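What follows is a short report on a single structure.
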Amino acid sequence: MDIFDFGTERSSGELEQALRDTLLRRSHDITAAAALPSSSERAVLLQKAPARKTDSAPGGRRVTLLAAAVVVLLCGASAVGVDALARRHSGGNSVPPAHSTVPAPRPTATPTTNGVASCPLPQGWRTAIEAGVIAVDQPLNQPVSAGPDGTFLMTQQAISGNDLSHDELAIFDTDGHGRTIWQAADPKHDYVSVSLDSAISANWVVYGLTRSQNLADHGVRAWNRQDGSTVDVRTLSAAEEAANLVIDFSPVVVGDTAYWVEHEFTDTGHETLVAQQLPSGSRSSQPVSHVSRLIAVGNGLVMLHDTQSSPGHVGGIPEMLTSGPGVTVPASVVQSGRMFVSDGSVLRWLSGTSVVSWRPGQSGITRTPARQAQADWTVMGPLIAGTSEGAGSSQVLDTRSGRLVSLPAGWTFALVTGGDLVVAIGNSKFGASTIRRVNVNSLTPASC
Amino acid sequence: MARQDEVSLEHYVARHGLDLTRFAYLVCGDRNRAEDLVQEVYLGMYRRFGDRVPAGLPKAYARTAIVRANTSLGRRRWFGEKPIERLPDTGVLDQHPTEADQLWQQLDSLSHRQRCVLVLRYRYGYGDNDIAEMLGCRPASVRSLAARALAELRSRATADSSESNHRTGEETL
């Protein structure tokens with residue numbers, strides 16, 4: 001008896017043979033090997049997640065312009081990219097892009113290649129976004145984490161000559177002021193990992209230290225927002241690393257407690273959730289298994305589980321929401337969903353064709369229609385952003401109006417923090433040249 | 001002076017690059033992502049071995065790295081790399097895709113791990129123990145993943161067939 005016979009028309013043998021044939025045939029879709037980056041490119045590409053805030057550019061304008069030129073050369077950036085970089089370095093009060101002064105065409109919905117009609121970026125949105133300048137003095141910037149209080153973390157990168165020279169993680173306050181949290185000692189091999197939404201509390205920023213090889217963290221650090229000091233919360237010993245112990249995905253913080261998950265690299269069935277009172281108080285732990293993410297919401301944590309996949313947040317993959325320390329998820333709310341995200345008090349996720357929201361203490365959930373959103377799009381307050389197959393640029397679903405908006409090339413709605421949307425403009429492979437910030441409520445519901 | 005039991009990274013890539021890129025493509029289902037995955041793995045090898053890699057470094061090493069990089073690439077939020085320009089697609093959408101094309105499309109409905117298991121088992125002939133090692137799970141989990149994946153494909157095939165029959169019926173009315 002065939003163990004894969006599920007009682008359907010086609011026998012399992014036929015299906016398996018069809019799979020073999022299909023995979024063999026489709027493998028020949030690829031007729032050329034991926035190129036090995038050149039030596040100089042390898043030196044640059046080895047820098048992983050970037051990092052840098054900047055109140056003042058240590059290298060000055062000359063260096064950053066040189067860096068920008070190098071990025072353009074290495075990344076093969078388009079003339080648009082060069083223009084964007086040049087604009088950004090024209091000064092703190094950068095000149096608005098020329099297209100912002102051109103009267104916008106009357107917006108009309110146009111079908112994308114995936115068949116879903118979308119609106120062009122409303123002129124009001126463009127104007128509001130472009131007015132929200134966040135001053136940066138490095139060419140490459142990536143907003144990576146939203147705080148519950150309007151702060152956000154951004155990685156920033158500088159290049160000198162042909163090499164990456166400077167990586168930092170910085171926190172940006174609501175007034176646009178940035179402070180450096182972490183700086184790479186060895187930019188070619190070390191980088192930080194940061195929770196998308198649970199790295200910042202009133203007093204702390206918690207992040208992981210990652211080395212290049214297995215992409216798992218080997219340390220947890222906490223940065224004191226009050227005095228700027230850094231606490232070594234956890235560092236794997238050489239013996240632990242030799243035993244293949246890893247700190248998987250990014251640590252999180254709730255109030256004054258840092259949380260992270262440790263396990264032997266290949267044994268996700270036996271994991272340990274560790275809680276550490278900051279800065280150096282008591283530490284406790286509890287066994288867990290197959291945790292894919294920790295998310296801070298309310299006064300505690302929820303845990304996401306991916307029973308089909310290894311730890312780590314994989315975009316678009318269903319995860320199961322369960323209770324965690326300090327947060328009880330009612331049975332009616334325990335469910336599978338995608339792209340969970342917290343704004344500190346409310347948890348939101350995609351489920352089927354809806355955005356689901358729930359806050360600790362509620363017995364039920366709230367659903368908002370989001371029929372056009374793709375499975376791996378990111379919920380950002382009333383907006384859901386991502387890229388559709390067949391669409392030439394990022395798209396945003398405005399759940400207030402149900403309309404889909406196509407963003408200009410190189411624009412990304414990165415995150416929402418404290419009701420403000422952070423937008424990255426001029427994206428290259430490594431980051432954006434320009435960062436903007438705007439209150440979501442100032443963007444009128446999209447229509448066209 | 002180079003050691004005799006080492007080869008240059010370029011040599012390794014020249015020898016295995018096409019196969020690895022095809023493997024990555026089957027695992028992730030997307031050409032661009034496949035190239036990213038393979039280049040990510042090349043960089044990982046460069047980090048670990050430098051310009052010269054062990055001559056006997058098996059392709060399985062790189063394949064395992066690709067499988068894990070595929071997971072890691074999704075794990076990290078990669079804001080920076082967004083398509084800003086879409087190259088013209090020279091292909092023509094088949095209005096009546098063959099069964100094999102449908103099967104390829106249906107693979108997209110599987111989880112990352114389910115798809116990996118099918119690719120490793122049915123394209124490359126790996127055993128469950130080897131697949132478990134590559135995915136970092138138990139062999140029993142591999143069997144479970146495969147069973148679920150095949151069941152999913154089978155149910156989708158049945159649904160597509162019903163839909164097709166329904167459409168055919170409508171057209172003949």
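Within the range B:90-100, one or more residues are modelled with pLDDT under 80 and within 18 Å of B:Arg121 (Cα to Cα).
Which residues, counting only those in the range A:256-268, are surrounded by 15 or more Cβ atoms within 10 Å (Cβ to Cβ) and outside any strand (DSSP E or B)?
A:Asp256, A:Phe265, A:Thr266, A:Thr268 - these are the residues of the range A:256-268 that are surrounded by 15 or more Cβ atoms within 10 Å (Cβ to Cβ) and outside any strand (DSSP E or B).
Please give the strands (runs of 3 or more DSSP E) falling wholly within the range A:349-448 in which 2 or more residues are modelled with pLDDT of 90 or more and within 22 Å of A:Ile200 (Cβ to Cβ).
Output list reads A:354-358, A:378-380, A:383-387, A:411-417, A:420-427, A:432-439.
Taking the range B:111-131 as the range and being more than 9 Å from chain A (Cβ to nearest Cβ) and of a type in the set (A, V, I, L, M) as the test, the residues that pass are B:Val117, B:Leu120, B:Ile131.
Going by the conditions given, is A:Ser336 within 17 Å of A:Met303 (Cβ to Cβ), within 14 Å of chain B (Cβ to nearest Cβ) and more than 20 Å from the chain's Cα centre (by Cα)?
Working: within 17 Å of A:Met303 (Cβ to Cβ): yes; within 14 Å of chain B (Cβ to nearest Cβ): yes; more than 20 Å from the chain's Cα centre (by Cα): yes.
Criteria met by A:Ser336.
When the range B:32-45 is limited to residues that are more than 7 Å from every other protein chain (Cβ to nearest Cβ) and out of contact with any helix residue (DSSP H, G or I) (no Cβ under 6 Å at 6 or more places or on another chain), the one that is surrounded by the fewest Cβ atoms within 10 Å (Cβ to Cβ) turns out to be B:Asn32. Only one of the numbered conditions (1) under 19 Å from A:Ser38 (Cβ atoms); (2) over 18 Å from the mean Cα position of the chain (by Cα) is not met by B:Ala55, and that is (1). Is one or more of the residues making up the range A:394-404 among the small types (Gly, Ala, Ser) and crowded, with 22+ Cβ neighbours inside 10 Å? Taking every residue of the range A:394-404 in turn, at least one turns out to be among the small types (Gly, Ala, Ser) and crowded, with 22+ Cβ neighbours inside 10 Å. Report the residue count in the range A:167-211 for those that are in contact (Cβ under 8 Å) with a residue 24 or more places away in the chain and among the basic types (Lys, Arg). Number of matching residues: 2. The sole residue among A:Ile171, A:Ile134, A:Ile129 that is farther than 17 Å from A:Ile425 by Cα and aliphatic (A, V, I, L, M) is A:Ile171. Across the range B:117-133, which residue is surrounded by the most Cβ atoms within 10 Å (Cβ to Cβ) among those that are touching a residue at least 12 places away in the same chain (Cβ under 8 Å) and under 13 Å from the mean Cα position of the chain (by Cα)? Looking at residues that are touching a residue at least 12 places away in the same chain (Cβ under 8 Å) and under 13 Å from the mean Cα position of the chain (by Cα), I get B:Val117.
Among the conditions (1) β-branched (Val, Ile, Thr); (2) within 21 Å of B:Ala69 (Cα to Cα); (3) modelled with pLDDT under 80, B:Ile131 misses just one, which is (3). In the range A:252-272, the residues that are within 12 Å of A:Ser285 (Cα to Cα) and within 14 Å of another protein chain (Cβ to nearest Cβ) form Cβ pairs under 7 Å with partners that are among the hydroxyl-bearing types (Ser, Thr, Tyr) and part of a loop (DSSP other than H, G, I, E, B), at six or more places apart or across chains, as follows: A:Glu271/A:Ser289.
Give the residues of the range A:241-275 that are within 20 Å of A:Ser342 (Cα to Cα) and at pLDDT below 90, sorted by residue number.
Here is the first cut: in the range A:241-275, the residues within 20 Å of A:Ser342 (Cα to Cα) are A:248-261, A:273, A:275.
A:Asp248, A:Phe249, A:Ser250 - these are the residues of the range A:241-275 that are within 20 Å of A:Ser342 (Cα to Cα) and at pLDDT below 90.
The values are calculated or read from the model by the stated rules, or taken from the named source; none is laboratory data. Remember, predicted model here, so these are calculated numbers, not experimental data. Because the Cβ atoms are built from the backbone with ideal geometry, glycine has one as well, and the counts that use them run over all protein chains shown.
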